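Trainee: Sending over a structure as structure tokens; questions will come in a sec.
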Amino acid sequence: MPFLKRLGYYLLGLSVGLVFLTFFLKKKAEGTGTEFCYLPNCRTLKDMRSKPMVYSDSLNQHLLARTLDSTDIHFFLTQGKVDFGKSDTRSEPCKMYFIKGTVQNGEAILRVRNCKDKVVLENILF
């Protein structure tokens, strides 16, 4: 069998398989809310979203109420970028992360501690 004919069969089978997988994986992700997080940023934020958010005692609650609301913080935990260079991912018992994101006032950075059972919002930097 000539090479071009084999290549044609291969490409035909590959394209049918990709369409088949795309159809079923898309349906699975839409129906169950499944996320495919393989990169460190996505995995870290997904882990934080699965835990309750607690505000630190040192955080100025009046400043928080004027600048950010719960939807802004949720936006940070879904669309934010974790700065692993500044973060302390080896500290015990809670790991500290800096999450960059944009809000209506411009760019902001959240400093959070990711504990085993909760996430503590420590500071907001503008």
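Trainee: When the chain is fully extended, how far beyond the present Cα-Cα distance does VAL54 get from LYS86, taking 0.36 nm per residue of separation?
Mentor: Using 0.36 nm per residue and subtracting the Cα-Cα distance, I get 9.4 nm.
Trainee: What share of Cα pairs, in percent, lie more than 16 angstrom apart in the chain? Numbers along the way, then the final one.
Mentor: Details: 5459 of 7875 pairs.
Here the long-distance tail beyond 16 Å is 69 percent of all Cα pairs in the chain.
Trainee: Also, I was wondering about something else. Restricting to Cα pairs below 8 Å that are 6+ residues apart, what does the relative contact order work out to for the chain? Please round to a whole percent. Don't skip to the answer; put the middle values down first.
Mentor: Numbers: 141 pairs, mean separation 26.2, N = 126.
After rounding, I find 21 percent.
Trainee: Also: If the rule is a partner Cβ under 4.7 Å, which cysteines in the chain fail it?
Mentor: none
Trainee: Using label points projected 7 Å from each Cα along Cα→Cβ, tell me how many nm separate TYR38 and LEU12, to one decimal.
Mentor: About 2.9 nm, to one decimal.
Readers should treat all values here as calculations from the given coordinates under stated rules, not as data from a laboratory. What you are looking at is a predicted structure, and each value in this text was computed from that prediction instead of being measured. As a convention, Cβ positions derive from the backbone with ideal geometry for all residues, glycine included, and neighbour counts pool all protein chains shown.
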